[in-house]
Every structure is written in C-alpha cells, then in structure tokens.
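Enquirer: Take this structure, written in structure tokens, and hold onto it; I'll ask about it next.
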Amino acid sequence: MKNLEKESFAAVQAKHYRRCLKEAKLAAAIFLLALVCCTSVIAFLGYPAPGERAPEPALIWGIPEWVFWGLFLPWWVLIGVTWWFALFFLRDDEPLLPFPGQQADASEIDQ
C-alpha cells in the first residue's frame, strides 16, 4: 500500500472525488439506458394502435408480453448488472486521513 502520510489531504480527497464521480456517471448512464429501453418496449408492446389490438393479450409464462419484455426481463438483467457493478467496478476507499490540523491515532488510520 502507498505511504498515505506523504500524500496531501487535498490530493487524497481529489482522488476519492474522481473515483466517486466515475462510479456515479456509470450508474446514471445505466439508469438512463434502462429507463429508455423499458419505456420504449412498454410503449411499443403495451399500447398498440386501436386497430392493431388483439382481443386477448399475448402471454409468456402467463404474463402479458409487454410486462415480460418491458419489465420482467430488463429487471433481471439489471440485477446482474448491479452485481457486476458492485463486484468488479466499485472500489474501496483508502483509509481515512485526519483533517489538516487534527491529531490522529494509529488505530484510526488502520481502520
């Protein structure tokens, strides 16, 4: 591990900020992509033109087709994306440094 005492407080905080910003941007992009995909599929399959409506909705495993393709399947995919994000993309922060001018115990830095 790097020697944290040699890095300035501002440099460590800037590094944390950049990492958090990168994680937040990816999370926002995933959210927006999922929102657009789900609403597009639901709008296309769930609201056909009055002349195109079937008397009985198409079913997949007893669920209306638009619910399966627009909600059920994307949400299961997003659960997998969330696991990937948590296991491989998120990084743990380095141990906290005391604020400038604050005395720190060795036990606080090791935690």
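The values are calculated or read from the model by the stated rules, or taken from the named source; none is laboratory data. Here the structure is a predicted model, which is why all the values come from computation and not from measurement. Cβ coordinates were reconstructed from backbone atoms using ideal geometry, including for glycine residues, and neighbour counts include every protein chain displayed.
Enquirer: How do the pairs read when you match residues in region 79-93 that are in contact (Cβ under 8 Å) with a residue 24 or more places away in the chain and surrounded by 11 or more Cβ atoms within 10 Å (Cβ to Cβ) with residues anywhere that are part of a helix (DSSP H, G or I) and of a type outside the set (D, E, K, R), using Cβ under 9 Å and keeping only pairs 6 or more apart or on different chains?
Expert: The qualifying pairs are VAL81/ILE30; VAL81/ALA34; PHE85/LEU26; PHE85/ALA27; PHE85/ILE30; PHE89/LEU26.
Enquirer: Of these, GLU23, GLU52, which one is touching a residue at least 60 places away in the same chain (Cβ under 8 Å), of a type outside the set (S, T, N, Q) and under 28 Å from PHE72 (Cβ atoms)? Can you show your working first?
Expert: On the way: GLU52 fails: touching a residue at least 60 places away in the same chain (Cβ under 8 Å).
Unique residue meeting the criteria: GLU23.
Enquirer: Collect the residues in region 43-85 that are more than 24 Å from ALA27 (Cα to Cα) and among the hydroxyl-bearing types (Ser, Thr, Tyr), keeping them in residue-number order.
Expert: Of everything in region 43-85, just one residue is more than 24 Å from ALA27 (Cα to Cα) and among the hydroxyl-bearing types (Ser, Thr, Tyr), namely TYR47.
Enquirer: Criterion first (part of a helix (DSSP H, G or I) and modelled with pLDDT under 80) does ILE109 satisfy it?
Expert: yes
Enquirer: Is one or more of the residues making up region 59-69 of a type in the set (Gly, Ala, Ser) and modelled with pLDDT of 85 or more?
Expert: So in region 59-69, the residues of a type in the set (Gly, Ala, Ser) come out as 62.
Right, trim to modelled with pLDDT of 85 or more and you get 62.
Checked against the condition, which is being of a type in the set (Gly, Ala, Ser) and modelled with pLDDT of 85 or more, region 59-69 yields at least one hit.
Enquirer: Continuing with this model, one more query. Considering only residues of region 28-73 that are among the charged types (D, E, K, R) and not in a loop (DSSP other than H, G, I, E, B), which is nearest to PHE85 (Cα to Cα)?
Expert: GLU65
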